[in-house]
Amino acid sequence: MYKKNSRILRRLSRLYDWQMDEYGGLRPVIESINGKHGELQFQQYHHSALTAGDKMKRQQNCANDSFILETILKKYNRHKIPGDSVIVQVEVWVQEITTISDITSDFQLDIYISEMWLDPALDYSWMQPCKYNLSLNSVLLEKLWTPNSCFINSKTADIHRSPFPNIFLMIYSNGSVWTNYRLKLQGPCTMDLTRFPFDNVTCSLTFESFNYNTDEVQMVWSPLGVSKMREKMELADYELTGIENLRKTEPYPAGFWHELTMKFHFKRRAGWYILQAYLPTYLTICISWISFALGSKAIPARTMLGVNSLLAMTFQFGNIIRNLPRVSYVKAIDVWMLSCMTFVFCSLLELAWVGYLSREELDVPKPVTAKISPTGQQQDDDSFKLMHQDRYETNSLLQRLKFLHYYVLLNK
């Protein structure tokens, strides 16, 4: 058909007489003025008019969605497996990883999981459909055969309902079925805290058919496997280093089952622990060393400084391990904190030793007469006290150097 007052129609109207054909298109009558050239133009334009009419007629005669569903579901049996061994392709899109809990050793994430298989009983290509794929809701899914697959090791698995169940269903004309679910999952994590807080964490989820073994259903990963919907997924305490998808066959009493496992590898961010644990312990150790500079006479001040340092470190250690699971093995943070507490405790022992020497000095009676030094020179009381004071200062200096040396070795 041609638009009214179009250039082509005005040109052809000078060459032909026109009438309406059975398809609603304009058709020239009998002869042309320009001979063969005019006949060629007539054939081209008339062919386009007939083609448009054929398309319109075909659209009027095609099968709509309601007719297709009514026809294919009339004799459909949802309990019948579509074939000897149905191949189910699985694909996962990770939308978001929300939290990783050290206490419960699990993680939470939101995913889209897609499954596709071929069901010959749903083939409707012979019906001349208006569309070659039908997008349907979750209500119809209950009337179809499904592989009844699930995450067998998940702690919780919920379908998002905002504002309706987030389930997508598409049936292709050749009988292929495509389902897509938006899920919120909570799965287990494997944690080895031996090197905490410089450790790695692996979390995994396993997907399989709950009812059908490998003789009836074969679960396979699609070429894409597991992919992220966002390039960067930021977590407060962890960094996602990689995603791995595996497929293995596991034996059960009822046969063999295909298991599709996706593993998420994380590396712990140590910045928080450096700021909240390592730097404060450095400062606490340095503060405890101030007692070495107070002298042997400031026993109360040195005692208060050492005890407060020890209490502060104990409180800090308890605050850190409160957010960790109770494990029976020794962690790296345990070795560090206990070693630092040992240094503070040793400074208190050094204080006790200095106090003991000071008390021993008081117990010694003061000489009434002058003393002879080991070199044969005469000493009075002041020179005698000065000799003991020099000995205390020398011992205190040696203790400082020893503490510093061992603390440097600990940091290595």
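A compact table of results
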read-out	value
Residue-count net charge about Y252 - beta-carbon cut-off 15 Å; Lys, Arg +1, Asp, Glu -1	-4
Segment 228-354 - Rg (one decimal) and Dmax (whole number), Cα, Å	23.9, 82
Cut-off 18 Å, label 7 Å out along Cα→Cβ of W272, residues of segment 307-339 by amide N	316-326, 332-334
Potential lengthening between Y356 and T202 on full extension [0.36 nm per residue; Cα-Cα distance subtracted]	50.0 nm
Inter-part distance where segment 83-140 and segment 178-250 are each reduced to a Cα centre, Å	16 Å
Y273, Y76 arranged by Cβ crowding within 10 Å, fewest neighbours leading	Y76, Y273
Where the Cα pairs of segment 69-269 fall when distances are cut into 5 Å bins, in %	1, 7, 14, 17, 17, 15, 11, 8, 5, 3, 2, 1, 0, 0
Pair K263, K131: separation of 7 Å Cα→Cβ label points (nm)	4.2 nm
Neighbour-count ranking [beta-carbon atoms within 10 angstrom, fewest first] of I113, I243	I243, I113
Cut-off 19 Å (backbone N to label point 7 Å along Cα→Cβ of T190), residues of segment 233-268	239-251, 259-268
Average Cα contact separation per residue, segment 69-269, under 8 Å, 6 or more apart, as relative contact order %	25 percent
Calculated FRET efficiency for the pair L283/L338, C-beta based, R₀ 25 Å, to 0.05	0.90
Computed label-point distance, nm, for sites N153 and I87 using a 7 Å Cα→Cβ extension	2.7 nm
Computed E for Y252/V307 - FRET, C-beta separation, R0 56 angstrom, nearest 0.05	0.35
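Read-outs throughout are calculated quantities, based only on the coordinates presented, and are distinct from any laboratory measurement. Note that the structure is a prediction, hence the values are computed from the model and not measured. Note that we place each Cβ from the backbone using ideal geometry, even for glycine, and neighbour counts take in every protein chain shown.
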